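Chemist: Pasting a structure below so you can have a look.
The values are calculated or read from the model by the stated rules, or taken from the named source; none is laboratory data. In this text the structure is predicted, and so the values were computed from the model without any measurement. Every residue, glycine among them, receives a Cβ derived from its backbone with ideal geometry; neighbour counts consider all protein chains shown.
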Amino acid sequence: MPKNPLTLPSVRVIAADVAKALAEDVGSGDATAGLIPADATAQARLLCREEAVLCGRPWFEETFRQRAPTIRIQWFANEGDYLSAEKVVCEISGPAREMLTAERTALNFLQTLSGTATLAHRYAEAVKGTPARILDTRKTLPGLRDAQKYAVRCGGCHNQRMGLYDGILIKENHIAAAGSISAAVNAARRNYPALPVQVEVENKTELEEAINNDVPLILLDNFTLSEIRDAVQFCQAHARTTGSAPVELEASGNVDLHTIRKTAETGVQRISVGRLTKDVRAIDFSLRFY
């Protein structure tokens, strides 16, 4: 782990994330840190209090860098490492005031992104040995999409489209507004020929309409396990009969760690899980001066 290439968001994106977070916290100045002598220095140790996947080092480092480039961080774990409880993750030294000011913002990034990566790791482990890939969705924390999508990859899962601009996902409201699946798909191919097209279907009739429109990627919304199996078999039979490329199916809706394995065993190729980035539980990190 991690299983996917860990391409970081750009330096500009990380710096902007951190600058906004610091501005939110510091405002006109850190009144409490101002109680410390300006020339005071300090050392601190970062502990992870529970088992977790470490994620967010670049944001953590950038937070301290923006406050004081002279702050030093010595890491004892790499990005994507699985941490045992009470693991010493790093040691920090430098100007005491700036370390105190940066502390909470740095920890907020680390605990949130490690939480996302840890949950992604659990989902990836749950489907190990099946052909299914676990994907995230656009249900991310506002302003932290690049960071959370990165954390999903850090945990061993995969990204759906990044936003509304890099792929077309025709959902029930798009179908209703366009008039039909056929109308929406035709408009997508006419207006955005370079973008991948995916259609969400809610029943067998819609699945057949999407297949008849040669949609290569179909999302099965809230299908039961038996309905997913039937859809997989139907698509396989259609490919054999027509000699066409097999349709790629993605299951979505009501999927959690208790049901993910059974969903993967239906033969579906993709499973999207909004919980990866939506239901975030922060990892317990502790930064203590010594």
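Chemist: Could you please give the count of residues in segment 187-242 that are closer than 14 Å to residue 268 by Cβ, acidic (Asp, Glu) and assigned to a helix (DSSP H, G or I)?
Modeler: 2
Chemist: Test each condition in (1) of a type outside the set (Asp, Glu); (2) out of contact with any strand residue (DSSP E or B) (no Cβ under 9 Å at 6 or more places or on another chain); (3) farther than 18 Å from residue 144 by Cα; (4) surrounded by fewer than 15 Cβ atoms within 10 Å (Cβ to Cβ) for residue 74 and report the one that comes out false.
Modeler: Failing condition for residue 74: (2).
Chemist: While we're on this one: Checking residue 167 against (1) over 21 Å from residue 238 (Cβ atoms); (2) touching a Ser or Thr at 6+ places or on another chain (Cβ under 7 Å), which test does it fail?
Modeler: Of the numbered conditions (1) over 21 Å from residue 238 (Cβ atoms); (2) touching a Ser or Thr at 6+ places or on another chain (Cβ under 7 Å), the odd one out for residue 167 is (2).
Chemist: Residues 143, 94, 156: which one is touching a residue at least 60 places away in the same chain (Cβ under 8 Å) and surrounded by 17 or more Cβ atoms within 10 Å (Cβ to Cβ)?
Modeler: From the options 143, 94, 156, the qualifying one is 156.
Chemist: Would you check which residues across segment 243-255 are farther than 12 Å from residue 268 by Cα and surrounded by fewer than 20 Cβ atoms within 10 Å (Cβ to Cβ) and list them?
Modeler: Residues of segment 243-255 that are farther than 12 Å from residue 268 by Cα, as a first pass: 243-245, 253-255.
Residues satisfying the conditions are 243, 244, 245, 253, 254.
Chemist: A further question on this structure: Among the residues that make up segment 99-111, is at least one of them modelled with pLDDT of 95 or more, in contact with a helix residue (DSSP H, G or I) (Cβ under 6 Å, 6 or more places away or on another chain), farther than 20 Å from residue 144 by Cα and crowded, with 17+ Cβ neighbours inside 10 Å?
Modeler: Yes.
Chemist: Determine whether residue 225 is closer than 20 Å to residue 255 by Cβ and either of a type in the set (Lys, Arg) or in the same structural domain as residue 263 (by TED's automatic domain parsing) (or both).
Modeler: For residue 225, the condition - closer than 20 Å to residue 255 by Cβ and either of a type in the set (Lys, Arg) or in the same structural domain as residue 263 (by TED's automatic domain parsing) (or both) - is met.
Chemist: Could I ask something else about it? For segment 185-202, give me each residue that is among the polar types (S, T, N, Q) and surrounded by 13 or more Cβ atoms within 10 Å (Cβ to Cβ).
Modeler: Once the filter is applied, which keeps residues that are among the polar types (S, T, N, Q) and surrounded by 13 or more Cβ atoms within 10 Å (Cβ to Cβ), segment 185-202 yields 186, 198.
Chemist: Consider residue 136 carefully, then state whether it is touching a Ser or Thr at 6+ places or on another chain (Cβ under 7 Å), buried (at least 18 other Cβ atoms within 10 Å of the Cβ) and either charged (D, E, K, R) or modelled with pLDDT of 95 or more (or both).
Modeler: The answer is yes for residue 136.
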